[in-house]
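**Student:** Submitted below is the structure of interest, expressed as structure tokens.
The values are calculated or read from the model by the stated rules, or taken from the named source; none is laboratory data. Because the structure is a prediction, the values reported are computed rather than measured. Here the Cβ positions follow ideal geometry from the backbone for every residue, glycine too, while neighbour counts run over all protein chains shown. Just the protein is used for accessible areas: all its heavy atoms, side chains included, with ligands, DNA and RNA removed. Shrake-Rupley method; radii C 1.70, N 1.55, O 1.52, S 1.80 Å.
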Number of protein chains: 2
Amino acid sequence: MAKGSQEKKRCARIAAIFKTLSHPQRLFLLCCLCEGEAAVSDLQKVCGAPQPVISQHLSRMRREGLVKARRTGTSVRYRIADPRIPAIVRSMEKIFGP
Amino acid sequence: MAKGSQEKKRCARIAAIFKTLSHPQRLFLLCCLCEGEAAVSDLQKVCGAPQPVISQHLSRMRREGLVKARRTGTSVRYRIADPRIPAIVRSMEKIFGP
DNA sequence: GCGATACATTAAAATATGCTAATATTATAT
DNA sequence: ATATAATATTAGCATATTTTAATGTATCGC
């Protein structure tokens, strides 16, 4: 395998995660989940977007391993998949914040 | 101003940065610059993409405040704009790495 | 079972992004 | 001043992403 190829693969992998984080609403949803577990309907209220859009965003974040889900009766509650995720968002805010 | 609106703006801002980081080649370029300043021609060699593509990527990262540039004769050398950036990429690798 | 609630999925239209090719700029050397 | 090397910019096309709208699935209470 060519030199640097390994590094490029790592970048492609991380870039895919960054892409998932690169949508304003999606990132906002993630930030909401940083405060604690929440149902789709809760997120819909604070986010203000149509329900299918929220579901699509959450679905994508789940595929990418950013969040996890569990059913509670008829509702589904989402949560952050890794406790180190909030720190990354906060670091970004410190560096690139207003 | 409505509640949560401030938070949404922050997310939009950070999401824009994430979007810039969300391209494999761009992220690879940034990682190269994490090792130290480099000229466009150097980056072209390790990256293997056409020169205009590299320039476009660098130009965008510059606009977003991720990198800085300075001329040295006929060549332009790029560098990371903030020393805290490499840590973010490394954190991401730790969490989402192979 | 039936209706209602909460969520998920899909397809198609609208929009944004990235690549290519051509051209422009900037600085050095002769 | 002209030529050359290094980098930047632009426009147009191809592709990917987002949104919208409609439909599907699952769970609970009756």
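**Student:** Determine which member of the set A:Met61, A:Met92 is touching a helix residue (DSSP H, G or I) at 6+ places or on another chain (Cβ under 7 Å), assigned to a helix (DSSP H, G or I), closer than 23 Å to B:Met92 by Cα and within 15 Å of DNA strand C (Cβ to nearest atom).
**Tutor:** Exactly one of A:Met61, A:Met92 is touching a helix residue (DSSP H, G or I) at 6+ places or on another chain (Cβ under 7 Å), assigned to a helix (DSSP H, G or I), closer than 23 Å to B:Met92 by Cα and within 15 Å of DNA strand C (Cβ to nearest atom), namely A:Met61.
**Student:** I'm trying to understand the selection: among the residues of the stretch A:57-66, which are more than 9 Å from chain B (Cβ to nearest Cβ) and open to solvent by 30 Å² or more (accessible area, probe 1.4 Å)?
**Tutor:** A:Ser59, A:Arg60, A:Arg62, A:Arg63
**Student:** Among the residues of the stretch B:12-38, count how many are away from DNA strand C (no atom under 13 Å from the Cβ) and under 14 Å from B:Ile80 (Cα atoms).
**Tutor:** Number satisfying all stated conditions: 9.
**Student:** Just checking, which of B:Ile14, B:Ile54, B:Ile95 is at the interface with another protein chain (Cβ under 9 Å from one of its Cβ atoms), touching a Leu at 6+ places or on another chain (Cβ under 8 Å) and buried (at least 17 other Cβ atoms within 10 Å of the Cβ)?
**Tutor:** That would be B:Ile14, the only listed residue that is at the interface with another protein chain (Cβ under 9 Å from one of its Cβ atoms), touching a Leu at 6+ places or on another chain (Cβ under 8 Å) and buried (at least 17 other Cβ atoms within 10 Å of the Cβ).
**Student:** Still on this structure, I have one more. If we keep just the residues of the stretch B:2-28 that are farther than 23 Å from A:Lys94 by Cβ and of a type in the set (A, V, I, L, M, F, W, C), which is modelled with the lowest pLDDT?
**Tutor:** Taking the candidates together, the pick is B:Ala2.
**Student:** Can you pull out the residues in the stretch B:17-41 that are without any contact (Cβ under 8 Å) to a residue 24 or more places away in the chain and surrounded by 17 or more Cβ atoms within 10 Å (Cβ to Cβ)?
**Tutor:** Within the stretch B:17-41, B:Phe18, B:Lys19, B:Ser22, B:Pro24, B:Phe28, B:Cys32 qualify.
**Student:** Here is a list: B:Arg84, B:Arg70. Which entry is within 12 Å of chain A (Cβ to nearest Cβ), in contact with a Lys or Arg (Cβ under 9 Å, 6 or more places away or on another chain) and charged (D, E, K, R)?
**Tutor:** Testing whether each residue is within 12 Å of chain A (Cβ to nearest Cβ), in contact with a Lys or Arg (Cβ under 9 Å, 6 or more places away or on another chain) and charged (D, E, K, R) leaves just B:Arg84.
**Student:** For the stretch B:17-40, how many residues are of a type outside the set (Lys, Arg) and either touching a strand residue (DSSP E or B) at 6+ places or on another chain (Cβ under 6 Å) or more than 7 Å from chain A (Cβ to nearest Cβ) (or both)?
**Tutor:** Count: 13.
**Student:** Please go through the stretch A:67-84 and give me each residue that is more than 12 Å from the chain's Cα centre (by Cα), assigned to a strand (DSSP E or B) and of a type in the set (Val, Ile, Thr), ordered by number.
**Tutor:** A:Thr72, A:Val76
**Student:** Another question about this same structure. Look at A:Asp42 and say whether it is away from DNA strand D (no atom under 16 Å from the Cβ), over 30 Å from B:Leu66 (Cβ atoms), at pLDDT 95 or above and out of contact with any Pro (no Cβ under 9 Å at 6 or more places or on another chain).
**Tutor:** In short, yes.
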